[in-house]
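Every number here is computed from the coordinates shown, using simple stated rules; none is lab data. Everything numeric in this text was worked out from a predicted model, so none of it was measured. Heads up, the Cβs are rebuilt from the backbone with ideal geometry, glycines too, and the neighbour counts pull from every protein chain shown.
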Amino acid sequence: MPETSAEPPKTSIKETLTSITIALIVALVFRGFVVEGFQIPTGSMGPTLLGAHVRVRSDISGYEWPLEPWHITRNRTPLPLQQGLTPTDPMTAIQLPARDYRTLAGDRVFVLKYLEPLHGPQRWDVTVFKVPTGSQENYIKRMIGLPGEQVALVDGDVFTHPLQADPVGWDADGWNIQRKPRRVQESVWQPVFDSTYTPKDSATFRSPFRGSTPGWSGLNSDTTYRFDGTGPTRLDWLNTTFRLDDYLSFNEMPAGGQMWDREDSRSYPVSDVAVAFGFEPVSDPSSLAVHLTARGYEFRGMLVRDGGSVTAMVQMRPASDGQGTWSTLAQSRAPSSTLAAGRITNVAFWHVDQALWLFVDDKLICGGPEDGAYDWSIAQRLTNATGQDVLSKIASDPRFPLNNVMLYREPSLSIDFAGSPFALHRVRIWRDLFYRPENFGRTAWPGDPITSSGKPGLATHPDAPMLLHADEFFLCGDNSARSLDGRLWGSPHPLVAAKVGTGPGKVHRSLLIGRAFYVYLPSPQRRFGLPILDFGRMRWIW
């Protein structure tokens, strides 16, 4: 048989163009109906998602955090080089020396398009949508209200009521708090303090913790706290320099706006907090309790070792006299290795969305959004948060200001210990998102005919109800102090109103684009004139 050679088939220009055209069509269809990329322009979702910002690293503590640009042009575009910034280290409260920083671009995110009925909007989605006020811009916020609901933002949390023909008062039955799933909650905790960043040799740093008895060491100078005394002791949180409030280091500005000095009374007390630490006792047995006093009540998560068993409990009681009977919300057995001598047990206690959570070694062992929940009505929540019958005051004075930060009680925090000497590692405090009861500004937002500075933001006051009818949604930014969102939008653009009939503060289903689910290009930096991709901050979005 004679040898033959197979020649590769020739591809015509027509076939090549056909293949390219098909690929482009597939890409456009995929982009238009499945996944599309967007860039975050502003800091309204910071620090969950970042718009233009600078990244600061403290030489004092080693802590690194994002900061909104201080210097902008007349059209509110950040200058490429931020000169002479003197930010304050959030972990030490020490102001850093003046330094120049380069402005970084915003995160780039993938957005999964809403394809109903396969994939529709859900509460807590980070959602991209067309702003209804008519600028044709794409906004990104978190979805907190769904069709068929009346929404109220009370003391920083989200309450909903089934929609009625007329607005329902905040004193009505049927209001329910909306609790965040664990994964969402973990993604939105805002750091307040972390002992990991305690400076070794600082003459000015003072820890926010104080021991109640002699025997404590390392509080002002070490990342690990030690107690070598005898008998019960307590570690008290000093709510002074490091306050449990809605201050956000991302928002620090050189003058005006949010200042580091909390004495300007701009920050709201936040009682939804989390505490975590590694506990290493010298010998058995030992016990501990994280204790939070907030909104007129005492809350605690306890671990008590008795011989070879450890009992976990989450409890609450009124704080009027400190002598009342504890009400146990949940109780369970912890693993036998919990609080064992010579071993570090990682403990975390959450008080958030009217529920208590207790974790051991990152596993929920007691409480949670069901077993550890307590249900207060809006009236109870406001009364407990302020110590006043607020709804009665509003009934007699409809302009009663819920945006007065001095109205709300400050929380207090401590950790109680009993047993042998011990060491505490990685002591960390976080606070939850806090949706502020802001008022409309003196200048109306675009499209809003109302110019009164006393008009409360939508859903933040009984006289400013947020009613969501069919296909209407309510969205707010995680950075509530610096977010122009559904609370403060004016009337929709006339064309939007004529087409879908949506009222102020609402987003119609037809304006929703999809859920942001992944940061694929986080804030590229330039080194030696070349872009350096920050792959370490690629992350899922919750």
The distance between the Cα centres of segment 301-365 and segment 92-128, in whole Å, is 34 Å
Dipole check, the chain, charges on Cβ (K,R +1; D,E -1), about Cα centroid: among Trp237, Leu495, Gln185 the Cα furthest to the positive pole belongs to Leu495
Expected vector for segment 41-55, Karplus 3J(HN,Hα) from phi with 6.51, -1.76, 1.60 and θ = phi - 60°, integer Hz, x for Gly and Pro, equals x, 10, x, 5, 10, x, x, 4, 10, 10, x, 4, 7, 10, 10
Magnitude of the Cβ-charge dipole (Lys and Arg +1, Asp and Glu -1) of the chain about the Cα centre, nearest 20 debye, reported as 1100 debye
Least to most buried among His351, His161, by other C-beta atoms within 10 Å and fewest first, runs His161, His351
Fewest-first ordering of Ser412, Ser336 by Cβ atoms within 10 Å yields Ser336, Ser412
If one compares the long axis through the Cα atoms of helix 13-33 with the longest principal axis of the Cα atoms of the chain, the angle in degrees, nearest 10, works out at 40 degrees
Taking Tyr520, Tyr268, Tyr435 and counting other beta carbon atoms within 10 angstrom, the fewest-first order is Tyr520, Tyr268, Tyr435
When the charge dipole of the chain is computed with +1 at the Cβ of Lys and Arg and -1 at the Cβ of Asp and Glu, the Cα pointing farthest to the positive end, of Ala418, Thr223, Val128, is that of Val128
Violations at 29 Å Cα threshold for listed pairs Lys180/Lys393; Lys180/Lys363; Lys393/Lys499; Lys180/Lys499; Lys455/Lys506 -> Lys180/Lys393; Lys393/Lys499; Lys180/Lys499
Given the candidates Ala294, Thr345, Ala319, the one whose Cα lies deepest towards the positive end of the charge dipole of segment 287-382, counting +1 at each Lys or Arg C-beta and -1 at each Asp or Glu C-beta, is Thr345
Summing -39500 (n - 2.57) over every DSSP H run of at least 4 residues in the chain and dividing by its residue count gives a helix-only mean residue ellipticity at 222 nm, to the nearest 500 deg cm²/dmol, of -3000 deg cm²/dmol
Relative contact order of the chain (C-alpha contacts under 8 Å, at least 6 apart) in percent is 20 percent
Scoring only Lys, Arg, Asp and Glu (+1, +1, -1, -1) among other residues with Cβ under 13 Å from the Cβ of Val128 yields +2
The correct pair for segment 260-350, radius of gyration to one decimal and Dmax as a whole number, both in Å and from Cα atoms, is 16.1, 51
With x for Gly and Pro, the residue-by-residue ³J(HN,Hα) of segment 75-89, computed from phi through the Karplus equation 6.51 cos²θ - 1.76 cosθ + 1.60 at θ = phi - 60° and given in whole Hz, is 8, 6, 8, x, 5, x, 10, 8, 9, x, 6, 10, x, 9, 5
Answer in debye to the nearest 20: the dipole magnitude of segment 234-370 about its Cα centre, from +1 Lys/Arg and -1 Asp/Glu charges placed on Cβ, is 400 debye
Sorted largest first, the C-alpha extents of the chain along its principal axes in whole angstrom are 90, 82, 56
Residues whose modelled amide H sits under 5 Å from the amide H of Ser286, counting only those 5 or more places away in sequence or on another chain, are Arg305
Whole-Hz Karplus couplings 3J(HN,Hα) for segment 369-380, θ = phi - 60° and coefficients 6.51, -1.76, 1.60, Gly and Pro as x, run x, 10, 5, x, 8, 10, 10, 10, 6, 4, 4, 5
Computed for segment 87-240: size of charge dipole around the Cα centre, +1 on C-beta of each Lys and Arg, -1 on C-beta of each Asp and Glu, debye to nearest 20, value 500 debye
Non-local residues with an amide H under 5 Å from the amide H of Leu79, with H modelled 1.01 Å from N and Pro and chain starts lacking one, are His71, Ile72, Thr73
Amide H neighbours of Tyr297 at under 5 Å, excluding residues fewer than 5 places away on the same chain, with H built from the backbone geometry, are Ala319
